[in-house]
Amino acid sequence: MADIVKALPVTSRSLERPAVAGTATLIAGAVGYKIRIIGLMLNANGTIAVALQDAHTTFMTAYLTAGSHVVMPEAGNGWVDSVSGDAVSIVLGATGVNVGGRIIYQYIPSSW
């Protein structure tokens, strides 16, 4: 199966969240697919709590300060999979702090 996973398209996109507390969808869910997080880098321009989650599970929670980073290096088998059909969201715990970075992911059939 590892060879099949390598053949699936991998997407990398920038993350730019304005300085507003709350939840925002990063990656839309798709019926019949899980979202596999392969890599992530986040940074902030101030102090903030950040969480990455789907509708059922919080995958990661980090507390960032100005100039600090969270890095999940690119992992071929991924770090975590969402629940089938769920979107992946970011939750910001403060207003007035910008969060940016990059996320690398792929859609994996739920049957895997």
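Throughout, read-outs are computed from the coordinates displayed, never taken from laboratory work. This structure is a prediction, so every number in the text was calculated from the model and none was measured. Ideal geometry is used to build each Cβ from the backbone, glycine not excepted, and the neighbour counts take in all protein chains shown.
Over the Cα atoms, compute the radius of gyration (one decimal) and Dmax (the largest Cα-Cα distance, rounded to a whole number) for the chain, in Å.
14.1, 44
Using 0.36 nm per residue of separation minus the Cα-Cα distance, give me the extension gain between Ser111 and Val10 in nm, one decimal.
Difference between extended and current length: 34.5 nm.
Going toward the positive end of the dipole of the chain, with +1 on Lys and Arg Cβ and -1 on Asp and Glu Cβ, which of Gly29, Leu64, Asn45 do you reach last?
The residue sitting most towards the positive pole is Asn45.
How much length is gained if the chain between Met41 and Tyr63 is pulled fully straight, taking 0.36 nm per residue apart and subtracting their Cα-Cα distance, in nm to one decimal?
That pair, Met41 and Tyr63, stretches by 6.6 nm at full extension.
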